[in-house]
Amino acid sequence: MLHRYVRTGHRRVDGWLSRLDALLIASVGRWQSAQGVVGSVGEIGVHHGRLFILLALLRKADERAFAVDLFDDQQFNVDQSGQGDETAFRNNLVRFGIAPASIEVVRGNSLDLAWAGLSGRLGPSVRLFSIDGGHTAEITRHDLGIADDSLGDGGVIVLDDYFNPEFPAVSEGMCRFMAERPGALAPFAIGDNKLLLARPDWAGRYRGMLADAVPSRHFVRDTELFGQPVTVFRTPRTPMQFIRQTGLTRRLRSHPLGRALKPIIRRFVQG
Ligand SMILES: C[S@@+](CC[C@H](N)C(=O)[O-])C[C@H]1O[C@@H](n2cnc3c(N)ncnc32)[C@H](O)[C@@H]1O
C-alpha cells in the first residue's frame, strides 16, 4: 500500500504533495525504521489528508500518528491555505485502509498548542513531523517550535512552501526560528515544495541516504542553506530542466565540450 500510495495513490486525495516529495518523505520514514529511529508521526495542517496518509502508512504498529487542523474553525485560517475538512479527511483514511480510531486528531489553532501540553497524548517524541498549517510568519515560527520541541533522536521535520513565492511569510517564519534557535536544526534536502530538516548530527546521514534512494533524474545540485550542505531535488517539468537533470549533462558540465554547447542549447530550448 505504501509503495502504491507514493507512486499514484496520493493523487486520489485532494491536497498538495508531489510524487517526488512523497518519495523523499517515504524514503526518510522507511530509513528511520531500518535504523531503529522510533517515535510518533504527524502533521499540522492536514486539509483532506494527502500527506498525512503517507505518514500514517509509514508508522509501525506501536507508533502513534497525529493530525492537527482547524477543521470547522476556518475563521482562524488567516492566510486561506487549504481548508481542513474532517469528514473528507476521515473518509480518505478509510479509503487507504487506516482506521480513523487509530489516529489522534487535535482540532484547533496550532497557535494555542505547545508540545508540553500534547506530549502525553501524542508523544513522547516525534520522528517525522510535517508543518503545513497556517502560512504566516508567526504561525510558521510557532509550529517549527512545537516540532523542534517534539523531535526525538533522528527525527525529521518537513516544512511546506518555504520557497513558494505565494507564501513568502513561511520563509520569514523559518528565518526567525533559525535566528532564535541557532544550531537546533539543519536543512538537508529540498524537494518540489518541501524543505527537510534534522538535527545537525543526523543531516549528513539523511543526505547520503537520499542520494541513493532518489532517481538521478531528480537531482539538481548540492549547495548550502543556513551554512549547511543541502541537496536540491526537483521534478523536471520544462525541456530545459529535463536536459539539465540528465546524467550526461551533469558529466558534460565540467567538460570543455559541455561549456561550448551550453549557449547553443539555451538558444533553442527555453525554460
Ligand atoms: C495547505 S493545507 C494542508 C495541505 C495538506 N498537508 C496536504 O497534504 O494536502 C493547510 C491546512 O492547514 C489548516 N490550518 C490553517 N491554519 C491553521 C492553524 N492556525 N492551526 C491549525 N491548522 C491550520 C487548514 O485548515 C488547512 O487544512
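Quick look at the values:
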item	result
Segment 131-172, relative contact order in percent, only Cα pairs under 8 angstrom and at least six apart counted	50 percent
Sum of -39500 (n - 2.57) over DSSP H runs of 4+, divided by residues of the chain (222 nm, nearest 500)	-13000 deg cm²/dmol
Given charges at beta-carbon only (K, R positive; D, E negative), |dipole| of segment 2-235 in Debye	1100 debye
Filtered trypsin sites (Lys or Arg not before Pro), segment 2-66: DSSP coil and at most 13 other beta carbons within 10 Å	Lys60
Positive-end residue of Gly227, Phe242, Val6, charge dipole of the chain with Cβ unit charges	Phe242
Share of Cα-Cα pairs in the chain lying beyond 29 Å, as whole percent	31 percent
For segment 145-271, size of Cβ-based charge dipole, Lys and Arg +1, Asp and Glu -1, in debye	1180 debye
Solvent accessible area, Å² - Glu180, 1.4 Å probe, full protein context	110 Å²
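The values are calculated or read from the model by the stated rules, or taken from the named source; none is laboratory data. Quantities reported herein were computed from a predicted structural model and do not represent experimental measurements. We place every Cβ from the backbone using ideal geometry, glycine too, and count neighbours over all the protein chains shown. Quick note on the areas: whole protein, heavy atoms, side chains included, nothing else; ligands and nucleic acids left out. Shrake-Rupley method; radii C 1.70, N 1.55, O 1.52, S 1.80 Å.
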